[in-house]
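Undergrad: Submitted below is the structure of interest, expressed as structure tokens.
The values are calculated or read from the model by the stated rules, or taken from the named source; none is laboratory data. Bear in mind the structure is a predicted one, so any value in this text is a computation, not a measurement. Please note: Cβ atoms are built from the backbone with ideal geometry, for glycine as well, and neighbour counts cover all protein chains shown.
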Amino acid sequence: MFRRPDFDALREEMVRQQLAARDIRDERVLAAAHVVPRHRFVPRREQRSAYQDRPLRIGRGQTISQPYLVALMTQLLELKGRERVLEIGTGSGYQAALLAHLAAEVHTIERHASLAERARQVLAELALDNVHIHIGDGSLGWPDAAPYEGIIATAGAPRAPQALLDQLADGGRLVLPVGAGTRQTLQRWRRDGNQFTHEDIVPVAFVPLIGEQGWYAP
Ligand code: SAH
């Protein structure tokens, strides 16, 4: 007989030990991580590991980042609640669910239709109806709903795609991993008028962004 783990308790511990005890200071990000049931977004065999301090496999060779990195990237977007945001790489839908709690409207793009469908189902079960999932090449952004106060890519690009910079609102932030293979850097870009500046945050290792303004398909 297997007992169902106490996911609520595990999640509370995750927020305390992995996020608040490190440098996640944005109270809204901590609150969102506290309510989004991360275990619902991963395959059944990974559910028991959902609140551990590591990335998890979500199918199609893709991964969902460790909770700390998801929270850090979210914090870097500096969301206050009224924004329209864009995510590239829906994957499991977990990051999109956090964004749904922190912004007014979320658009997210995934190139694998099977992952997008699964994410759509979980987000619907959680009644997060301010998330709009699109299937396609997110390296080109989603011009139909632009501009965005925040854009986040959860796959590594060779460089910040011009299409994404173009779709930033004035004052908007773009957070993304840049670089090849395991030698990637998390960057945050900021748009002020037609001026774009960026800062390097930490070394990271994401799956590749595959697309016109990303890497070639293997
Ligand atoms: N944010 C996700 C993690 C996704 S992993 C989560 O919370 O679970 C990165 C995802 O980016 C993968 O699902 C991969 O298929 C997708 N991806 C890679 N290149 C892409 C592109 N050009 N457009 C859209 N999605 C892309």
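Undergrad: Could you identify the single residue in Ala124, Ala116 that is surrounded by fewer than 21 Cβ atoms within 10 Å (Cβ to Cβ), within 12 Å of the ligand (Cβ to nearest atom) and either of a type in the set (Gly, Ala, Ser) or touching a residue at least 60 places away in the same chain (Cβ under 8 Å) (or both)?
TA: The conditions single out Ala116.
Undergrad: What do you reckon, is Arg45 modelled with pLDDT under 95, more than 9 Å from the ligand (Cβ to nearest atom) and either farther than 23 Å from Ser114 by Cα or in contact with a Pro (Cβ under 9 Å, 6 or more places away or on another chain) (or both)?
TA: Judged against the criteria, Arg45 is not a match.
Undergrad: Against the condition out of contact with any Pro (no Cβ under 8 Å at 6 or more places or on another chain), at pLDDT 95 or above, outside any helix (DSSP H, G or I) and surrounded by fewer than 22 Cβ atoms within 10 Å (Cβ to Cβ), how does Arg22 come out, does it pass?
TA: It is true that Arg22 is out of contact with any Pro (no Cβ under 8 Å at 6 or more places or on another chain), at pLDDT 95 or above, outside any helix (DSSP H, G or I) and surrounded by fewer than 22 Cβ atoms within 10 Å (Cβ to Cβ).
Undergrad: Filter the range 78-113 down to residues that are within 13 Å of the ligand (Cβ to nearest atom) and assigned to a loop (DSSP other than H, G, I, E, B) and give me whichever is surrounded by the fewest Cβ atoms within 10 Å (Cβ to Cβ).
TA: Among residues in the range 78-113 that are within 13 Å of the ligand (Cβ to nearest atom) and assigned to a loop (DSSP other than H, G, I, E, B), the one surrounded by the fewest Cβ atoms within 10 Å (Cβ to Cβ) is His112.
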